[in-house]
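Right, one structure below, let's go through it.
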Amino acid sequence: MAETSRVFEDEENGYGGRKVQPFASTPQPDLGKTEGKKQYPTTFSSILGLQDLSSLRVWRASLAEVLGTAALVFAMDTIVISSYETETKTPNLIMSALIAITVTVILNATSPISGGHINPVITLSAAFTGLISLSRAAIYILAQCLGAILGALALKAVVNSTIEQTFSLGGCTLSIVAPGPHGPIVVGLGTAQAFWLEIICTFVFLFSSIWVAFDKRQAKPLGRVMVCSIIGVVVGLLVFISTTVTATKGYAGVGMNPARCLGPALIRGGHLWNGHWVFWVGPVIASVAFAVYTKIIPSAEVHA
């Protein structure tokens, strides 16, 4: 827990550069010893942060990413299934509200340990903006994918085969095969439309919530619980928007989390692999765009 306090130590610069620390991240270097001195990586090993590969503390922190992502996948996919199973006229509204609460709770549980990424998009954004090393990012993403698989396996173990087949384990789908007047037909969202939704919604997610966590000038006065709540609310809103604006049967809504989409796809298979690349490429592009944005904006507040 002592490591998390370093998030708020450097008041000189709010964002930009490697001095910025991710909200409640672990473990971080001691900035006090190098205060006032700019440190630049000079070797290939330093650039990649290869020392993190052999750091027991990083691997121990990644355990929170495994368990957090497993809980996220199990809970979110269960919410997707139960929301549409419930006899209500607004299943997407109920689903979005429950997802917002779930994300908030899990982030609060994991943020003091690993930084509460539980999503390759957040990890990639932290790496692209220089908050964590590429090696730590690789460890976290591996942990998140493993957690997603465990979460999907847990869900498969508790649902019957009919629900598993009908709802595809609550996974990320672009289309499904449905009965038609002249035989089975494919219904869903076009690949191009889904691709743009992933890019736009993921960027909005990063811009409007994750940046609040990355920028300690906002994270410090708001506090961990409020920041996690903001992230949860934004996720819920974007899920609601994506499922409402398309209103297309067969489309499960924007993913914004490649690991969550990977778990059910590996366990359930089948049509979950159709267009699966969209749920990876779209968020990666959004992460790159977000990193570029953080480098372009001024490092100090600009008054009108």
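The values are calculated or read from the model by the stated rules, or taken from the named source; none is laboratory data. All values reported here derive from a predicted model rather than from experimental measurement. Cβ sites come from the backbone with ideal geometry, for glycine too, and all protein chains shown count toward neighbours. We work out accessible area using only protein heavy atoms, side chains counted, and drop any ligands, DNA or RNA first. Shrake-Rupley method; radii C 1.70, N 1.55, O 1.52, S 1.80 Å.
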> When the gyration tensor of region 228-293 is built from Cα positions, what are the square roots of 5 times its three eigenvalues, in whole Å, from largest to smallest?
Replying inline: 21, 17, 12
> Applying the Karplus parametrisation 6.51 cos²θ - 1.76 cosθ + 1.60 with θ = phi - 60° to the phi angles of region 217-226, what ³J(HN,Hα) value in whole Hz is obtained for each residue in order, glycine and proline being reported as x?
Replying inline: 5, 8, 5, 5, x, 6, x, 4, 4, 5
> In a solvent-free Debye calculation with one equal scatterer on each Cα, what is log10 I(q)/I(0) for region 82-230 at q = 0.11, 0.12, 0.15, 0.17 Å⁻¹, listed in the order of the q values?
Replying inline: -0.58, -0.68, -1.03, -1.25
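So, for region 47-296, what is the accessible surface per residue at a probe of 1.4 Å, expressed in square angstrom?
Averaged over the residues of region 47-296, the accessible area is 42 Å².
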> Applying the Karplus parametrisation 6.51 cos²θ - 1.76 cosθ + 1.60 with θ = phi - 60° to the phi angles of region 238-244, what ³J(HN,Hα) value in whole Hz is obtained for each residue in order, glycine and proline being reported as x?
Replying inline: 5, 5, 4, 4, 5, 7, 7
> Kirkwood hydrodynamic radius (Cα pairs, Å) of region 68-134?
Replying inline: 13.2
> Packing-wise, with mean Cβ within 10 Å as the measure, how do 218-229, 84-95 rank, highest first?
Replying inline: 218-229, 84-95
> How big is the shadow of the Cα convex hull of region 47-296, averaged over all directions, in nm²?
Replying inline: 13.8
>> Could you tell me how far the Cα centroid of region 98-120 sits from the Cα centroid of region 228-246, in Å?
In response: 15
>> At 1.4 Å probe size, with the rest of the protein present, what percent of the exposed accessible area of region 47-296 is carbon and sulfur atoms?
In response: 71
> At a Förster distance of 22 Å, what's the computed FRET efficiency of Val292 paired with Ile200, Cβ-Cβ distance as r, to 0.05?
Replying inline: 0.90
